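The next block holds one structure in the form of structure tokens; read it before the comments.
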Amino acid sequence: MEGKILVTGGSGFIGSNFIRHTLQVKPGIRIYNLDALTYAGNPLNLVNLPESQQARYCFIHGDICDARLLKDLFQKEKFNGVIHFAAESHVDRSIHGPEAFIKTNVNGTFQLLEASLAMWKRNGQQSDFRFLHISTDEVYGSLGAEGYFTEKTPYDPSSPYSASKASSDHLVKAYFRTFGLPVLVTNCSNNYGPYQFPEKLIPLMILNILEKKELPVYGDGKNVRDWLYVIDHCEALLKVFDEGIVGETYNIGGGTELQNIQIVHLLCDLLDAKLGRSGKNTSRNLIRFVTDRPGHDRRYAIDASKIEKELGWKARFIFQDAITKTLDWYIDHMDWVNSVQSGEYKKWIENNYGKR
Ligand code: NAD
Ligand code: TYD
């Protein structure tokens, strides 16, 4: 990876981890981060970059649905690649308000493809250009007790979120088949790690345990997810961007299948050990089984053999170690948590970028 890369959604959970990681391991790279700073996008995630990296990082406050902004940006800058994270990403929110998911995930991806295609053609179909679309294993729907998602598993999305991501995947692949735009698609399993917005299972449970709040477990708690540490995901994305074959899809997963209730038990136990809670004070007493999520997929599990065999990537982090690192990060960054929860960063956005 060399030159100028446009990252979309770089102020969110995975995007900000990716930018930090990439600036560190790829000294020849300049990153432009285009982010609308929705509730999930937090500029504080990237404020304290090492000084030596700051000159290689540029933030652009904007919406991927804004065709005019994209046109101007792609006319001004000749990008060597686009790495597309920007999305509405939370299943529960997509159930309560699907429209934002269609706007950003479908229309926004379409606008980004159009702007990329125009730039790529204008520059004589530059051979070094790549469009990497970051997607999810949720497009494949739900597994039963057996089997794994491969790149050939038919799409069968259950939620407005996964349906909108499936739609964006199809658009991206169509721009390869129809126009020859050099695209790559990755479908990854559930990520965890620092800077994840505390609406997703792991950070929500960590913070509720710390605050002695109830721990809402949907249904019987036996739904299974395949957990991957976010840095493993970032390393896989760099591999795919650098060495993947254009037009191809790569599934990314850690092979750590756990039921939700196992994760919640583990987080309770790890935090109880740190906080000295035991007996009747054990955090497991905070667990509440609540009404299930509608359309709740039972099990996700990735067959990552393609990326492992063809690109030599393999998840490096052991779940037990990385989950401990993650909960230590939340304990050590309560200022970040407080700012995200209090809306302080919204004020910071208004002061720095103006009201939108
Ligand atoms: P996130 O919700 O933490 O971050 C999304 C980012 O996109 C935010 O910074 C937000 O401000 C920005 N954004 C939203 N709408 C925008 C718009 N219209 N224009 C510009 N920016 C906009 O999400 P995440 O968990 O970091 O996920 C990033 C990507 O990875 C998503 O595409 C998601 O589908 C995919 N993914 C996530 C996971 C996971 O476990 N979190 C797993 C597999 C794939
Ligand atoms: P989530 O982190 O929302 O990711 P996804 O739905 O994309 O997999 O949820 C992970 C699992 O945890 C999912 O099976 C739903 C469940 N869950 C709960 O049981 N309680 C909660 O409060 C949340 C947020 C999720």
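The values are calculated or read from the model by the stated rules, or taken from the named source; none is laboratory data. Remember, predicted model here, so these are calculated numbers, not experimental data. Every residue, glycine as well, gets a Cβ built from its backbone with ideal geometry; the counts of neighbours run over all protein chains shown. Each accessible area value is taken on the protein alone, full model and side chains, heavy atoms only, with ligands, DNA and RNA left out. Shrake-Rupley method; radii C 1.70, N 1.55, O 1.52, S 1.80 Å.
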Discussion item. Looking at Gln111, Gln54, Gln75 in this structure, which one is in contact (Cβ under 8 Å) with a residue 40 or more places away in the chain and over 25 Å from Thr186 (Cβ atoms)?
Written reply: Gln75
Worksheet item: When the stretch 156-180 is examined, which residues are found to be open to solvent by 40 Å² or more (accessible area, probe 1.4 Å) and part of a loop (DSSP other than H, G, I, E, B)?
Response: Asp156, Pro157, Ser158
Practice prompt. Kindly provide the set of residues from the stretch 106-141 that are buried (at least 17 other Cβ atoms within 10 Å of the Cβ) and either within 16 Å of ligand 2 (Cβ to nearest atom) or part of a loop (DSSP other than H, G, I, E, B) (or both), ordered by number.
Written response: Phe129, Ile134, Ser135, Thr136, Asp137, Glu138, Val139, Tyr140, Gly141
Worksheet item: Out of all the residues in the stretch 1-43, which are open to solvent by 10 Å² or more (accessible area, probe 1.4 Å), touching an Asp or Glu at 6+ places or on another chain (Cβ under 9 Å) and part of a helix (DSSP H, G or I)?
Response: His21, Val25, Pro43
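Here is a list: Lys71, Lys103. Which entry is more than 16 Å from ligand 2 (Cβ to nearest atom), out of contact with any strand residue (DSSP E or B) (no Cβ under 6 Å at 6 or more places or on another chain), within 26 Å of His296 (Cα to Cα) and of a type in the set (Lys, Arg)? Give the derivation first.
Numbers: Lys71 fails: within 26 Å of His296 (Cα to Cα).
When all the criteria are applied, what remains is Lys103.
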Worksheet item: Quick one: would you say Gly254 is under 19 Å from Val139 (Cα atoms), away from ligand 1 (no atom under 16 Å from the Cβ) and not in a helix (DSSP H, G or I)?
Response: no
Practice prompt. Please specify each residue of the stretch 191-221 satisfying the condition of being assigned to a loop (DSSP other than H, G, I, E, B), out of contact with any Leu (no Cβ under 7 Å at 6 or more places or on another chain) and under 18 Å from Arg93 (Cα atoms).
Written response: Gln196, Phe197, Glu199, Lys200, Gly219
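Which of the residues spanning the stretch 76-99 are more than 16 Å from ligand 2 (Cβ to nearest atom) and in a helix (DSSP H, G or I)?
Kept after step one, since they are more than 16 Å from ligand 2 (Cβ to nearest atom), are these residues of the stretch 76-99: 76-84, 86, 99.
The answer is Lys76, Glu99.
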Worksheet item: From the list Asp321, Asp328, Asp269, Asp335, which one is farther than 22 Å from Leu143 by Cβ, at pLDDT below 95 and surrounded by fewer than 18 Cβ atoms within 10 Å (Cβ to Cβ)?
Response: Asp335
Worksheet item: In the list Pro43, Pro98, which residue meets the criterion of being within 12 Å of ligand 1 (Cβ to nearest atom) and either in contact (Cβ under 8 Å) with a residue 12 or more places away in the chain or touching a helix residue (DSSP H, G or I) at 6+ places or on another chain (Cβ under 8 Å) (or both)?
Response: Pro43
